[in-house]
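Written below as C-alpha cells is the structure these notes are about.
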Amino acid sequence: MAAPERGPRERMVFSAAQLIRRDGVASTGMRDVAAHARAPRGSLQHYFPGGKEQLVNEAVGWAGRYAGNRVARFLAALPEPTPSGLFAEMVRQWTDEYETAGFAGGCPVAAATVDCAESTVSTREAAAAAFATWTGPVARALTDMGVPDERADALATLMISALEGAILIARAERDVRALTTVVRELGPLLDAAAGKCAIAPADRTTREPAEPGVRLRCFLDLRQEPDA
C-alpha cells in the first residue's frame, strides 16, 4: 500500500491503517501516527476531535474502500477475467508483499476487528462496513463474469474469508503456503459457479489409469437448467 501525495489529515488516516495492520489497534498510539505521517502532533485534536476511536474508524473505512477499489484494477490486469483469476490477483498482492517485504503486515480491518469487536461498538461497526465495502465490488464482478446473482454475495464472502484466514496463517508460519493453497483449491469452485472451464490436477479428473498429466474439465453449476 503506497501513500500518494495527500494533506496531513489524509496522511494520518493512511498511517493509522499501516500501523494498525502491523501492530494492531492497542499498540498504535496517536503520537506514533503523527510521527509516521510526518504531521504536526497538535493537528491530531484538530482533525480528529473524537480521538483515537475516530482515527481508527476512519483508517478502517479507508482500508475497506482501498480493497474495494482494487477489484477493478485486478480485473483490468487479466487478459480474460474469470472468478479464479480475480481471486488469484487478490491473493497475489499479499504473496508479493510477503515474498519481498516480509510478513510484518496484515489486514487493518481484520486487526481492528480482533482488537475492538467486543470493546468498541463503533469500530466493530466500521469494520463490518469495511468488509461490506470490499465484498460488494467482488460480488458485482462475479455477477459480470456469469455467476448467478443468488450466489455472488456468498462466493464473494467466501473469497474474502479465505484470503483473510490465509493471511493470518501466512504471518504465523512466515510462509505463503496458505495463500497459494486457497488459490489452488478455490479456483475450480469459483469458476464452476460461472460455468467456466478450469484446469484440474490429474488426480482430480476422471482419466484412464495410464494417462498422465492434467485434463481440461468444464465445471458447471448442476443446479441450473441446461440450455435448450
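Things to note:
- Residues considered: Ala39, Ala59. Of these, the only one that is in contact with a helix residue (DSSP H, G or I) (Cβ under 9 Å, 6 or more places away or on another chain), open to solvent by 10 Å² or more (accessible area, probe 1.4 Å) and hydrophobic (A, V, I, L, M, F, W, C) is Ala39.
- Inter-residue pairs, beta-carbon under 9 Å, first free of Cβ contacts under 8 Å to residues at least 12 places away in the same chain and in region 116-135, second surrounded by 14 or more Cβ atoms within 10 Å (Cβ to Cβ) and basic (Lys, Arg), 6+ apart: Ala117/Arg124; Glu118/Arg124
- Some residue of region 81-104 being within 21 Å of Ala178 (Cα to Cα), among the aromatic types (Phe, Trp, Tyr), free of Cβ contacts under 8 Å to residues at least 40 places away in the same chain and surrounded by 16 or more Cβ atoms within 10 Å (Cβ to Cβ): no
- Exactly one residue among Gln54, Gln45 is more than 30 Å from Ala192 (Cβ to Cβ), among the polar types (S, T, N, Q), open to solvent by 60 Å² or more (accessible area, probe 1.4 Å) and assigned to a helix (DSSP H, G or I), and that residue is Gln45.
- Residue in region 174-182 that is within 14 Å of Tyr98 (Cα to Cα), open to solvent by 10 Å² or more (accessible area, probe 1.4 Å) and touching a Lys or Arg at 6+ places or on another chain (Cβ under 9 Å) present: no
The values are calculated or read from the model by the stated rules, or taken from the named source; none is laboratory data. Keep in mind the model is a prediction, meaning the values are calculated, not measured. All Cβ positions, even for glycine, are placed from backbone atoms using ideal geometry, and neighbour counts span all protein chains on display. Only protein heavy atoms, including side chains, enter the accessible area calculation; ligands, DNA and RNA are left aside. Shrake-Rupley method; radii C 1.70, N 1.55, O 1.52, S 1.80 Å.
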